[in-house]
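Written out below as structure tokens is the structure these notes cover.
The values are calculated or read from the model by the stated rules, or taken from the named source; none is laboratory data. Computed from a predicted structure; not experimentally measured. Cβ coordinates were reconstructed from backbone atoms using ideal geometry, including for glycine residues, and neighbour counts include every protein chain displayed. Side chains included, ligands, DNA and RNA excluded: accessible areas come from the protein's heavy atoms. Shrake-Rupley method; radii C 1.70, N 1.55, O 1.52, S 1.80 Å.
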Amino acid sequence: LDKTKLVGISSSQLLAKNPDFAALPRMSEGRTPPNLEKIVALKPDLVIGAVGFHDPAIAKLKYLGIQTLLWEVDSWRSRTELTQTLAKAGGAEAAPLLKQYQTFLDSKPTPRGSTLVLASRQPLMSPNAKSWAGDLLTQFGIKNVAADLQGNSPMRGYITLSPEKILEANPAFVILVDAPQGDIEKIKSEPFWNQLKATKTQKVYTFDYYGLVNPGSIDAIEKATTQLKATIIAQSTKV
């Protein structure tokens, strides 16, 4: 929106190798809480945090009189609203970025056949409609087998599936998430794996964790949407 407004960031592997952020001080490292002294020393006009991760730090900064914003990007709409909110706060123009977002969604065919996203192995978790990944599939008209399911998964917006439930759904497409814990090969070793339609027809695709499960960055989202077009969307007429 305006690169002159950013004075500090959280550490992230998405930003670590990006030269645009090389000169900016990091307010946290890994999973450690943000350094409040560093943040206060920067005298920021606004501190932005992620719901569920930065709540305590944001509460303390707010107590100190610093303007704060907590946000959760769990849908395309929330991403759009965050962009508009930040543009307004920083006196920037949101329209060019919103137009760019829309190009990510452009596609012609309506996908046929169901799709299952597996984000982890223990437990076997899949995004329903109330998650970033689930909403992204909805944006493309992709039939998500877990969209309307509810459960007590440790991750909000995700449900736990049994092997029996997966076999019952028998999706035409399977998306495996290349998450930090590296569960892909373990999922493929499960007894149900070779019985799935998607496995037999070789319509199994690996997606990066960032962009599909965690929005991560604009570049990550663009990569995920491009891959959805090249796999699920492109193969839809062959189902």
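A few notes on this one:
- When the Gaussian network model of the chain links Cα atoms closer than 10 Å, the mean-square fluctuations of TYR101, TYR209, TYR63 top out at TYR63.
- Charge tally in the Cβ shell below 13 Å around ASN35, where Lys, Arg are +1 and Asp, Glu are -1, ASN35 excluded: +1
- Comparing PRO191, PRO44, PRO56 in a Gaussian network model of the chain (Cα springs below 10 Å), the most mobile by mean-square fluctuation is PRO191.
- 222 nm mean residue ellipticity, helices alone, for the chain (DSSP H n ≥ 4; -39,500 (n - 2.57); rounded to 500): -9000 deg cm²/dmol
- Amide H to amide H, with H built 1.01 Å from N, ILE159 comes under 5 Å of SER126, ASN128, counting only residues 5 or more places away or on other chains.
- Region 1-113 - percent of accessible surface contributed by carbon and sulfur, probe 1.4 Å: 55 percent
- Separation of the alpha carbons by more than 23 angstrom is noted, of LYS143/LYS203; LYS130/LYS197; LYS5/LYS99; LYS88/LYS130; LYS3/LYS229, for LYS130/LYS197; LYS88/LYS130; LYS3/LYS229.
- Cβ crowding within 10 Å averaged over residues, with 1-13, 158-170 ranked highest first: 158-170, 1-13
- Phi-derived couplings, Karplus 6.51 cos²θ - 1.76 cosθ + 1.60 at θ = phi - 60°, listed residue by residue for region 18-24: 8, x, 5, 10, 4, 8, 7 Hz, with x used for Gly and Pro.
- Region 11-71-region 105-149 distance, computed between alpha-carbon centres (Å): 31 Å
- Dividing the convex hull volume of the alpha carbon atoms of the chain by its residue count gives 131 Å³ per residue.
- Heavy-atom accessible surface of the chain, averaged per residue, reaches 57 Å², computed with a 1.4 Å probe.
- Taking amide hydrogens as placed 1.01 Å from N in the peptide plane, the amide H of LYS143 sits under 5 Å from those of THR115, each at least 5 positions away in sequence or on another chain.
- Considering only beta bridges that DSSP places wholly inside the chain, some 20 percent are antiparallel.
- Note on LYS62: lysines with a C-alpha under 18 Å away, same-chain residues under 8 apart excluded, are LYS38, LYS43.
- A simple charge model with +1 on the Cβ of Lys and Arg, -1 on the Cβ of Asp and Glu and nothing else charged puts the dipole of region 85-138 at about 140 debye relative to its Cα centre.
- Electrostatic dipole magnitude of the chain [Cβ: Lys, Arg +1; Asp, Glu -1; Cα centre; debye, to 20]: 320 debye
- In this structure the amide hydrogen of GLU72, modeled in the peptide plane, comes within under 5 Å of the amide hydrogens of VAL51, none closer than 5 places in sequence on its chain.
- Within a Gaussian network of the chain (alpha carbon springs, distance under 10 Å), most fluctuating of ASN35, ASN18, ASN194: ASN18
- For region 77-200, share of DSSP beta bridges that run antiparallel, in % to the nearest 5: 40 percent
- For the chain, relative contact order (Cα pairs under 8 Å, six or more residues apart, normalised by length) works out to 15 percent.
- To the nearest ten degrees, helix 218-228 and the longest principal axis of the Cα atoms of the chain are 10 degrees apart.
- Local charge for ASN170 was computed over the other residues whose Cβ lies under 14 Å away, with Lys and Arg +1 and Asp and Glu -1, and equals +3.
- Relative contact order (percent, whole number), region 49-173, Cα cutoff 8 Å, 6+ residue spacing: 21 percent
- The phi torsions of region 122-138, fed into the Karplus equation with coefficients 6.51, -1.76 and 1.60 and a -60° offset, translate into couplings of 10, x, 6, 10, 9, x, 8, 5, 9, 9, 4, 5, x, 5, 4, 4, 4 Hz, rounded to whole numbers, with Gly and Pro shown as x.
- A simple rule links phi to the HN-Hα coupling: the Karplus curve 6.51 cos²θ - 1.76 cosθ + 1.60 with θ = phi - 60°, which for region 57-64 gives 5, 5, 4, 5, 5, 4, 4, 7 Hz, with x for Gly and Pro.
- Cα-Cα P(r), region 1-118, percent of pairs per 10 Å interval: 11, 34, 35, 13, 6, 1
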